[in-house]
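Asker: Got a structure for you, questions after.
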Amino acid sequence: MLNKDRMPKHVAIIMDGNGRWAKAKGLHRLAGHNAGMQSMKKIVDHSDKLGIKYLTVYAFSTENWKRSLDEISGIFKLLVKYVNSDLKGLVENNVKVKLLGDYSTIPGDAVKSLEKTIEATKYNTGLQFNIALNYGGRDEIKKALQCIAGEVKNGNIEPNDITEDMISSYMYTGSKFNDAPDPELIIRTGGELRLSNFLLWQSAYSELVFPDVLWPDFTPEEYEKAIADYQGRERRFGGRK
Ligand code: FPP
């Protein structure tokens, strides 16, 4: 049973394993992403039910451009399909959609659909659903440094004025953009035990859970197990008991 008083406020997920799931079934990789999208929808719904305030999913990384054109355009088509067909449901469920990452280079129709969704859900007060698209943690830190260096150059601040909170504010999750706290829990499915350039700055004290299932097989039950695992851990933030 989950302890309602110890729910993480922010859960972030690396949705890995769609390709292997499809291969094991003799299907095209895109069938895996399609199944992954169905999983994602269930996890969005379930996050809302559990009272989680922020959910961030790693949908497309800065490295994912190395995949075949077919796969890339297929993933974006799925995304458009998702936001268009689920817009009504997202609005009704009070979900606020936000984007993390540099989406200037993603296909125009995907940007249009996403902007429409962001606009239509911007006053919602329930779950904030962050979709990380063309996102890379190092790229995010680099961009933050460029902005801060610009502030120093313009004489607005001195190097010694730079604080951790200031750096946080320039991250995509920071107060200048999407205003989400650091994730208490990061889940990665699919068997790899690494962060792969996801939320590098924000994950300093996150608990990491690696359920041994491929993303399309990640059910709300598996999600609750991962949260229970998190709740069973003691968070010390470098301090002692
Ligand atoms: C990782 O699996 C998954 C992705 C790179 C794409 C994530 C996409 C979805 C969950 C579906 C579409 C939803 C949105 C929001 C675009 P993989 O292909 O790396 O799997 P593998 O490691 O088994 O090959």
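The values are calculated or read from the model by the stated rules, or taken from the named source; none is laboratory data. Only a predicted model underlies this, so the values are computations on that prediction, with no experimental measurement involved. Using ideal geometry, Cβ is built from the backbone for each residue, glycine included, and neighbour counts are taken over all protein chains shown.
Asker: Would you please name the residue that is nearest to the ligand (Cβ to nearest atom), looking only at residues in segment 176-211 that are polar (S, T, N, Q) and closer than 17 Å to G136 by Cα? Quick ask: steps written out before the conclusion?
Answerer: Start the filter on segment 176-211 by keeping residues that are polar (S, T, N, Q), which leaves 178, 189, 196-197, 202-203, 206.
Going one step further and asking which of them are closer than 17 Å to G136 by Cα, we end up with 178, 196-197, 202-203.
Working: N178: 16, S196: 10, N197: 12, Q202: 20, S203: 18 Å.
Among those residues, the one meeting the criterion is S196.
Asker: Would you point out which residue out of L208, L199 is at pLDDT 95 or above, within 24 Å of Y135 (Cα to Cα) and assigned to a loop (DSSP other than H, G, I, E, B)? Show your work before the answer.
Answerer: Values: L208 fails: assigned to a loop (DSSP other than H, G, I, E, B).
Residue meeting the stated conditions: L199.
Asker: Which numbered condition in (1) within 15 Å of the chain's Cα centre (by Cα); (2) within 9 Å of the ligand (Cβ to nearest atom) is the only one that K23 fails?
Answerer: Of everything listed in (1) within 15 Å of the chain's Cα centre (by Cα); (2) within 9 Å of the ligand (Cβ to nearest atom), K23 misses just condition (1).
Asker: Given (1) of a type in the set (A, V, I, L, M, F, W, C); (2) more than 16 Å from A110 (Cβ to Cβ); (3) in a strand (DSSP E or B); (4) near the ligand (Cβ under 9 Å from one of its atoms), identify the lone condition not met by V11.
Answerer: Unmet condition: (4).
Asker: In segment 87-112, which residues are among the small types (G, A, S), more than 10 Å from the ligand (Cβ to nearest atom) and either assigned to a helix (DSSP H, G or I) or on the phi < 0 side of the Ramachandran plot (or both)?
Answerer: Matches in segment 87-112: G89, S104, G108.
Table: residues versus (1) in contact (Cβ under 8 Å) with a residue 60 or more places away in the chain; (2) near the ligand (Cβ under 8 Å from one of its atoms).
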{"position": "G32", "(1), (2)": "yes, yes"}
{"position": "L50", "(1), (2)": "yes, no"}
{"position": "Y82", "(1), (2)": "no, yes"}
{"position": "S85", "(1), (2)": "no, no"}
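Asker: Check L100, L127, L78 and return the single one that is within 22 Å of N34 (Cβ to Cβ) and in contact (Cβ under 8 Å) with a residue 24 or more places away in the chain.
Answerer: Of L100, L127, L78, the one residue that is within 22 Å of N34 (Cβ to Cβ) and in contact (Cβ under 8 Å) with a residue 24 or more places away in the chain is L78.
Asker: Out of (1) β-branched (V, I, T); (2) loosely packed, with under 15 Cβ neighbours inside 10 Å; (3) modelled with pLDDT of 95 or more, what's the single condition that is false for I148?
Answerer: In the conditions (1) β-branched (V, I, T); (2) loosely packed, with under 15 Cβ neighbours inside 10 Å; (3) modelled with pLDDT of 95 or more, I148 misses (2) alone.
Asker: Answer with yes or no whether D45 is in a helix (DSSP H, G or I), in contact (Cβ under 8 Å) with a residue 40 or more places away in the chain, out of contact with any strand residue (DSSP E or B) (no Cβ under 6 Å at 6 or more places or on another chain) and away from the ligand (no atom under 12 Å from the Cβ).
Answerer: When the stated conditions are applied, D45 passes them.
Asker: Now, a different point. Here are M7, M37: which of them is crowded, with 18+ Cβ neighbours inside 10 Å, under 25 Å from Y230 (Cα atoms), free of Cβ contacts under 8 Å to residues at least 60 places away in the same chain and not polar (S, T, N, Q)?
Answerer: Details: M7 fails: free of Cβ contacts under 8 Å to residues at least 60 places away in the same chain.
None of the other options fit; the residue is M37.
Asker: Filter segment 201-241 for residues that are among the β-branched types (V, I, T) and touching a residue at least 60 places away in the same chain (Cβ under 8 Å); which is surrounded by the fewest Cβ atoms within 10 Å (Cβ to Cβ)?
Answerer: T219
Asker: If you check I72 against the conditions, is it assigned to a helix (DSSP H, G or I), surrounded by 21 or more Cβ atoms within 10 Å (Cβ to Cβ) and within 11 Å of the ligand (Cβ to nearest atom)?
Answerer: no
Asker: What's the number of the only condition in (1) at pLDDT 95 or above; (2) loosely packed, with under 15 Cβ neighbours inside 10 Å that I141 fails to meet?
Answerer: (2)
Asker: Pairs under 6 Å by beta carbon, first residue touching a residue at least 12 places away in the same chain (Cβ under 8 Å) and among the hydrophobic types (A, V, I, L, M, F, W, C) in segment 157-175, partner buried (at least 17 other Cβ atoms within 10 Å of the Cβ) and not in a helix (DSSP H, G or I), six or more apart or different chains?
Answerer: Final answer for the pair search is M171/W201.
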